[in-house]
């Protein structure tokens, strides 16, 4: 009976989803100390512990740990089990142990095994990451270079955006994503115009030069850089489909060649 319950993948997945819902619910302020949810969370933890024990007893240690998913589950269970005793043991700080229950949410990743052609998808993802690595390194170097330059020229004007290299790198990356990038040159223009005569030649040249500079940053990093990285990533992800098309084209060409040879043979025989 225990084997039938704890080795049933549908039951395990149902408990994982229910536990994820309970944990999410517990982080709403009104239910943070809810006793029923806390007990349910601990029951789910016990279920996962018993599941691991039953599977090890059924498959044997070698058979159980041969599966990557089982090793994944066992690690999550091992790390989250201390949260069962956080309420009863005189530990100096139980907050870290309580956070371990969040690790059980990682078990939701097991649902990807039901995605059709998941092996091809993961293989394509690996290829795409490797192919995009060089582009991402170049983008990082561009981000770093622009961050230092921008920090030098604009750090004192708008320290909230370019006060130090780390903050500057974050702001430049925000501009790469084309997310609210126009707010940054607008803030610089407001500071410059507030500190002097907005109609003076120096202010007009500086403000327009700033707009041109940041427009170039968006063009290089956001339009060209990220678009190139996205194009490389998508191309590598879909290369399997291209291979299938090439195979079909080659097969069609072979059949056409055979048909042509057959027609030529018949024509020669008729002569």
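The values are calculated or read from the model by the stated rules, or taken from the named source; none is laboratory data. Being a predicted model, the structure only gives us computed values, none of them experimental. Because the Cβ atoms are built from the backbone with ideal geometry, glycine has one as well, and the counts that use them run over all protein chains shown.
Yes/no per residue for (1) at pLDDT 70 or above; (2) closer than 19 Å to residue 21 by Cα; (3) assigned to a helix (DSSP H, G or I):
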site: 40; (1), (2), (3): yes, yes, yes
site: 45; (1), (2), (3): yes, yes, yes
site: 52; (1), (2), (3): yes, no, yes
site: 55; (1), (2), (3): yes, no, yes
site: 76; (1), (2), (3): yes, yes, yes
site: 90; (1), (2), (3): no, no, no
site: 109; (1), (2), (3): no, yes, yes
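Could you please give the count of residues in segment 19-38 that are in a helix (DSSP H, G or I) and either touching a strand residue (DSSP E or B) at 6+ places or on another chain (Cβ under 8 Å) or surrounded by 14 or more Cβ atoms within 10 Å (Cβ to Cβ) (or both)? I'd like the intermediate steps shown before the answer.
Filtering segment 19-38 for residues in a helix (DSSP H, G or I) gives 19-26, 29-31, 35-38.
Next, only the ones that are either touching a strand residue (DSSP E or B) at 6+ places or on another chain (Cβ under 8 Å) or surrounded by 14 or more Cβ atoms within 10 Å (Cβ to Cβ) (or both) stay: 19-20, 22-23, 25-26, 31, 37-38.
Going through segment 19-38 one residue at a time, the tally reaches 9.
Taking the conditions exactly as written (surrounded by 14 or more Cβ atoms within 10 Å (Cβ to Cβ), at pLDDT below 80 and under 18 Å from residue 6 (Cα atoms)), does residue 94 satisfy them or not? When the stated conditions are applied, residue 94 does not pass them. One residue stands out among those in segment 174-194 that are closer than 18 Å to residue 140 by Cβ and crowded, with 18+ Cβ neighbours inside 10 Å: the one that is farthest from the chain's Cα centre (by Cα), which is 175.
Counted as qualifying within segment 164-271 are the helices (runs of 4 or more DSSP H) with 2 or more residues that are modelled with pLDDT of 85 or more, namely 165-176, 183-195, 201-217. The numbered conditions (1) modelled with pLDDT of 85 or more; (2) more than 29 Å from the chain's Cα centre (by Cα) are all true for residue 31 except (1). In the condition set (1) modelled with pLDDT of 70 or more; (2) over 28 Å from the mean Cα position of the chain (by Cα), residue 139 is compliant with all but (2).
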